[in-house]
Structure formats: C-alpha cells, structure tokens
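Before any comments, here is the structure.
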Amino acid sequence: MPHLPPAVADVLRSIAHVLDAVAERAGWHRPAQLVRIDALPCSPDEQVQFAVQPLPPGVHPLTALAGYIADPACVGLGVVAEGRAYDPEAAAGRGSLGTVRVVELVARDGTRVSALRRRHGELRVEAPPPTAPAGELTQALARALGVTLVDGRPAAAVDCEVGGGSWGRGGGGDGRRGAS
C-alpha cells in the first residue's frame, strides 16, 4: 500500500505543537516571532522545513506583516505571540482569560491552524473549517501568501528570506509579488 502524504492541517498542527513547546521552554514575556514554512512533507520520509525570526521587542506582528509578500518558495507563514484574551460572552470586566500564547499558521493552500495556551494551562490546537471567519492576524498571514480566505477579505504581502537573509522591509524585494 503506498504511503499517502500527510494532510496539510496535520503538518501545521505538528508545527504548532513544536513552536509552543519551544516557547514554553523559553518562558513567557518574549517578543512575538514570525514563522516561515519552506517545505511540507510529501512522504513520511521527508521533513518539514521552517524557520523562526523573533521580532524586536514591542513590534506587533500585524505591523511586521504590513505590506509584505512571501516569495514563491514560502509554503506557509505563521506567528507566535503573547497577549491577553477575553471571553466575549462574559459580562463586561469579568471576561479576562488572562495571558495567552497563540500560534497562528497559514499554508499557501489556505489551510490554517490556531493554537492557544493560557499561562499555566494546556495547549488547544484546532484547524478551523475553510468557512470559519478569520481574525486580523490570520488575514495578514494569508495576504502575505497571496491567499484569499473564504470569508472574502482581500489578499496582499511578506518578503522574507531564511538563513542570513532578511525578514522585513527592503529585505530582498521591490514590494511587488514574487519580486526578488
């Protein structure tokens, strides 16, 4: 029986678990990180290839992603970040879930995975259905990949290179899609 390639969502879930485990070991109160996925396995013998780039302290991931376009070799992007979460169902002022870490990953085919860990809590990972609404961070990652998500919001850009290259404005492109 031939080996089938792993589903993209399963691979993204695995990446989310690895990224969260590394962040747990490093501790809380760390700057956000951008994640670039360069290869997804096509067989059980192949490995995922990804890189992580910490953002400067105080730089929000949406600011870092604004206006960027991923080069064609990039098969997915993500963010690892901390913040405060609130339960929209709770009464005003009583809905804080406290400090959380999120891992948000989007593949070029539109598959996405979200992971959330409360401080001192368990990791929750889910792959929302394609019809589920996407938040601003997911939309920014999708725009950077040129992916239009089902909820119809627009798509635009991240110019990022791995290993000695740059992550950020002016780092290898002229601002147009796929430029190098």
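Each reported figure results from applying straightforward, stated rules to the coordinates on display, with no laboratory input. Owing to the predicted nature of the structure, the values given are computational and were not obtained by experimental measurement. Please note: Cβ atoms are built from the backbone with ideal geometry, for glycine as well, and neighbour counts cover all protein chains shown.
At a Förster radius of 22 Å, what calculated FRET efficiency corresponds to the Cβ-Cβ distance of Thr131 and Arg84, to the nearest 0.05? Here the calculated transfer efficiency is 0.20.
A straight chain from Thr99 to Val22 at 0.36 nm per residue would run longer than the Cα-Cα distance by 26.0 nm.
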